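K.L.:
Sharing a structure here in structure tokens format.
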Amino acid sequence: MGKRNKQRKNIAMLDTDDENSSVSSSSTARSDLMSVSGTDEVQVDKDSLLEQALDALYEKRGSTREKALAAITDAFNTNLQHQFVDKKFVTLLHLCLNSIKKGSSKEIALACHAIGLLALTVGYGDNAREILEESVIPISQNLKSQSDSLKTVSLVECLAIVTFVSATETEETERSMQIMWQLLHPKLGSNVVAVKLPAVVIAAVVSAWTFLLTIMDGCTLKSKDWQEYISYFSTLLDKDDRSVRIAAGEALALIFETVSIEKLATENKTTPDGSVPEGNKSREGYTHILGLKSKILNQVRSLSAEAGGKGSAKKDLNSQRNLFKDVLEFLEDDHAPDISMKIGGDSLQTLTWSELIKLNFMKHFLGGGFIKHMQDNEFLQDVLRFTPKRKHLLGEKHQMSSGEKVCYALLQLGLL
């Protein structure tokens with residue numbers, strides 16, 4: 001009883017007028033955490049603040065839960081909260097799932113981001129498996145009621161991150177990709193009504209689907225599936241929205257990197273019992289794919305040199321041109337873009353479309369927390385093939401000598 005009263009006292013300090021509440025920035029989230037603590041001290045017990053934010057997720061008032069979730073996501077985004085996760089993993093996961101089931105669109109978006117950050121924090125293992133098993137059904141059920149773009153995009157991105165981290169079987173990844181595909185390309189029936197998705201949702205779902213394709217083996221998918229994907233993404237290249245075109249262009253580049261046309265041509269030469277299949281289906285599929293690729297080449301060539309139009313955003317136009325120049329070079333010469341970026345004085349390099357798409361999706365999801373996670377998150381370092389030089393030089397628990405300190409300083413400045 002005393003603990004619950006203390007919890008309510010902390011939560012009351014977090015509450016403000018519902019209509020004026022806002023969790024739009026990290027500074028607001030940190031301010032909310034400070035208000036929970038009831039002190040003006042600069043040094044604050046971070047675990048205590050997270051505990052208080054976690055307690056606030058039990059409250060009925062939506063604005064209280066939203067502020068608590070914003071504080072939690074800010075804490076997880078700016079630091080790896082391993083100690084807190086060790087103690088409160090199950091509680092945090094199920095309270096976030098409760099927000100997804102019952103919360104407003106804003107609360108759902110925050111809860112989705114918190115679950116994604118939780119998955120990235122725990123990395124491989126049993127906890128990751130539990131996140132996937134507990135999250136898929138609530139997310140897929142919530143996606144059936146596409147009330148607004150914020151909610152739909154957040155749910156899809158959460159599903160993508162959780163699956164990417166947690167899936168150990170091909171079927172699990174395929175299940176999540178199929179949930180996304182149904183949004184883009186629903187199978188219409190008596191109980192299904194076609195819904196026109198906003199451009200922002202289409203672009204986000206395509207990007208999430210493509211992100212999961214990076215962990216799929218191209219051999220597991222059938223020729224007819226690839227043809228369906230290629231044909232659909234080709235139609236998206238003709239859409240008015242540039243974000244949709246860019247997402248579709250990346251998807252197509254990854255598809256052609258993942259599976260060869262030659263493989264599609266020979267895939268169905270025999271049936272499981274060893275007999276020859278009916279007709280010349282494999283040759284027809286090969287011809288069809290060649291025709292689609294020729295069409296896509298023309299579309300890509302046009303988009304790589306688009307002049308723009310009235311009211312066009314120059315930034316988006318340049319992004320489109322650059323992306324489709326890379327796609328064109330890949331389709332014509334089989335050369336994927338070679339990208340390098342600095343992270344704390346170290347270089348992270350991508351050599352394939354798969355690596356680039358993983359990198360871009362993680363940068364998008366983590367936002368301002370990307371650099372911190374890349375420096376400290378071993379799961380991300382593993383999947384993006386990034387090893388800070390200081391780990392080679394020092395090891396995890398090595399004590400620096402004066403000479404090593406000089407070397408480390410030079411590394412940080414990029415002079416070594």
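The values are calculated or read from the model by the stated rules, or taken from the named source; none is laboratory data. If you're wondering where the values come from, they're calculated on a predicted model, not measured in any experiment. Glycine gets a Cβ as well: all are built from the backbone with ideal geometry, and neighbour counts include every protein chain shown.
K.L.:
Any idea which of (1) of a type in the set (A, V, I, L, M); (2) modelled with pLDDT of 75 or more; (3) part of a helix (DSSP H, G or I) is the one residue 264 doesn't satisfy?
P.N.:
The one condition residue 264 does not meet is (2).
K.L.:
Determine whether the stretch 192-210 contains at least one residue that is at pLDDT 95 or above and among the polar types (S, T, N, Q).
P.N.:
Yes, some residue in the stretch 192-210 is at pLDDT 95 or above and among the polar types (S, T, N, Q).
K.L.:
A further question on this structure: For residue 318, work out the one condition from (1) in a loop (DSSP other than H, G, I, E, B); (2) within 25 Å of the chain's Cα centre (by Cα) it doesn't fulfil.
P.N.:
Residue 318 satisfies all of (1) in a loop (DSSP other than H, G, I, E, B); (2) within 25 Å of the chain's Cα centre (by Cα) except (1).
K.L.:
Return a yes/no flag: does the stretch 292-307 have any residue that is part of a loop (DSSP other than H, G, I, E, B) and modelled with pLDDT of 90 or more.
P.N.:
Checked the stretch 292-307: at least one residue is part of a loop (DSSP other than H, G, I, E, B) and modelled with pLDDT of 90 or more.
K.L.:
Would you check which residues across the stretch 88-144 are hydrophobic (A, V, I, L, M, F, W, C) and either farther than 22 Å from residue 55 by Cβ or modelled with pLDDT under 95 (or both) and list them?
P.N.:
119, 120, 128, 132, 136, 137, 139, 143
K.L.:
Which fully enclosed helices (runs of 4 or more DSSP H) of the stretch 347-416 have 3 or more residues being buried (at least 18 other Cβ atoms within 10 Å of the Cβ), in contact with an Asp or Glu (Cβ under 7 Å, 6 or more places away or on another chain) and at pLDDT 95 or above?
P.N.:
Working: elements: 353-366, 370-376, 378-383, 389-394, 402-412.
Here the list reads 353-366.
K.L.:
Return the total of residues in the stretch 296-346 being within 21 Å of residue 207 (Cβ to Cβ) and touching a residue at least 40 places away in the same chain (Cβ under 8 Å).
P.N.:
Here the count works out to 16.
K.L.:
How do the helices (runs of 4 or more DSSP H) wholly within the stretch 143-245 filter down when requiring 2 or more residues that are among the aromatic types (Phe, Trp, Tyr) and touching a residue at least 24 places away in the same chain (Cβ under 8 Å): which remain?
P.N.:
On the way: elements: 149-166, 170-184, 199-213, 223-236.
Per the criteria, 199-213, 223-236.
K.L.:
Within the stretch 84-136, how many residues turn out to be more than 21 Å from residue 362 (Cβ to Cβ) and outside any helix (DSSP H, G or I)?
P.N.:
2
K.L.:
Still on this structure: Here is a list: 121, 173. Which entry is surrounded by 15 or more Cβ atoms within 10 Å (Cβ to Cβ), under 25 Å from residue 246 (Cα atoms) and touching a helix residue (DSSP H, G or I) at 6+ places or on another chain (Cβ under 8 Å)?
P.N.:
Testing whether each residue is surrounded by 15 or more Cβ atoms within 10 Å (Cβ to Cβ), under 25 Å from residue 246 (Cα atoms) and touching a helix residue (DSSP H, G or I) at 6+ places or on another chain (Cβ under 8 Å) leaves just 173.
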